[in-house]
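What follows is a short report on a single structure.
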């Protein structure tokens, strides 16, 4: 049995991101997602690296000929817009943060995409407001770790059409950790309003238990390590300015962003693709 002990509630995650969004824009980019770098010599910007990661997910989605996609945890919609540019798909983005939804819909209208890309508030990912078999693709880009994974995958499977795909990214434990590192990672994930990380064996078991069929599991940790180093460097550089502008209440969040836990080599990153039986 795969469980998600200490998974945060929807309310906790929404409240956390009310303030965290602003800091992420300052220290990373308004495209909040993990970056993909070709190798250690790749000096691409955070935005370019995040868009490259989005392209990877698009290539795994099977939307090149169109379809209907649900973007769970859509943020302010940048990855959904990139999908719309690359494919003829119809995209529905959902979040439990109303400010993100309002901003995403504003941007969709400004880009002339409001008829094909829409964003809706959804309080509970375990009770999606859509009928069974509603979407050809569901993806969860850097958001599944904030949810009870097993129950979420089962609910995503419910709204997925037979033969459809779920595409997710997540943290991944890629090797044994020292007791000290293991404890630090657990505390870090809790501070981040995230569920404990899984290793590859546990992740494969998770997908199987959800009723979905695993198509592919990619360990791309070597391509994402710079996300942590870039974030830590930016926080250290901008610390005084951010505290002066946002107040001392943001210090705990800045400490999360510059945590050395992100440099632990065994804390990796995956892309997983699963399908619903036709």
(request) State the number of residues belonging to the stretch 71-82 that are buried (at least 24 other Cβ atoms within 10 Å of the Cβ) and outside any loop (DSSP other than H, G, I, E, B). (result) 4
(request) List every residue pair whose Cβ atoms lie under 8 Å apart, where the two residues are 6 or more positions apart in sequence or sit on different chains, the first residue falls within the stretch 182-195 and is at positive phi, and the second residue, located anywhere, is buried (at least 19 other Cβ atoms within 10 Å of the Cβ). (result) 193/8; 193/13; 193/16; 193/146
(message) Take residue 12 and tell me if it is surrounded by fewer than 19 Cβ atoms within 10 Å (Cβ to Cβ), on the phi < 0 side of the Ramachandran plot, modelled with pLDDT under 95 and not in a helix (DSSP H, G or I).
(response) no
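Quick check, is residue 104 assigned to a helix (DSSP H, G or I), touching a strand residue (DSSP E or B) at 6+ places or on another chain (Cβ under 9 Å) and under 27 Å from residue 249 (Cα atoms)? Give the derivation first.
Details: assigned to a helix (DSSP H, G or I): yes; touching a strand residue (DSSP E or B) at 6+ places or on another chain (Cβ under 9 Å): yes; under 27 Å from residue 249 (Cα atoms): yes.
In short, yes.
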(request) Starting from the stretch 198-227, take each residue that is on the phi > 0 side of the Ramachandran plot and touching a residue at least 24 places away in the same chain (Cβ under 8 Å) and list its partners that are buried (at least 16 other Cβ atoms within 10 Å of the Cβ) and assigned to a helix (DSSP H, G or I), counting only C-beta distances under 9 angstrom and pairs at least six apart or across chains. (result) 211/153; 211/157
(message) Name the residue that is nearest to residue 163 (Cα to Cα), counting only residues in the stretch 141-153 that are in contact with a helix residue (DSSP H, G or I) (Cβ under 7 Å, 6 or more places away or on another chain) and modelled with pLDDT of 95 or more.
(response) 153
(message) residue 31 - would you say it is within 24 Å of residue 120 (Cβ to Cβ), within 16 Å of the chain's Cα centre (by Cα), modelled with pLDDT under 95 and surrounded by fewer than 21 Cβ atoms within 10 Å (Cβ to Cβ)?
(response) no
(request) Would you mind stating whether residue 53 is within 22 Å of residue 218 (Cα to Cα), modelled with pLDDT of 95 or more and assigned to a strand (DSSP E or B)? (result) no
(request) From (1) at pLDDT below 95; (2) buried (at least 19 other Cβ atoms within 10 Å of the Cβ), pick out the condition that doesn't hold for residue 89. (result) (1)
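For the stretch 56-70, what are the residues that are on the phi < 0 side of the Ramachandran plot and outside any helix (DSSP H, G or I)?
If the condition is that a residue be on the phi < 0 side of the Ramachandran plot and outside any helix (DSSP H, G or I), then 63, 64, 65, 68, 69, 70 are the ones that fit.
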(request) Could you list, in sequence order, all residues of the stretch 37-70 that are free of Cβ contacts under 8 Å to residues at least 60 places away in the same chain and closer than 21 Å to residue 143 by Cα? (result) 47, 48, 50, 51, 52, 55, 58, 59
(request) Quickly run through the stretch 173-191 and pick out the residues that are surrounded by 15 or more Cβ atoms within 10 Å (Cβ to Cβ) and out of contact with any helix residue (DSSP H, G or I) (no Cβ under 6 Å at 6 or more places or on another chain). (result) 173, 177, 181, 182, 186, 189
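The values are calculated or read from the model by the stated rules, or taken from the named source; none is laboratory data. Just so we're clear, the structure is a prediction, and the values are computed from it rather than from any experiment. Using ideal geometry, Cβ is built from the backbone for each residue, glycine included, and neighbour counts are taken over all protein chains shown.
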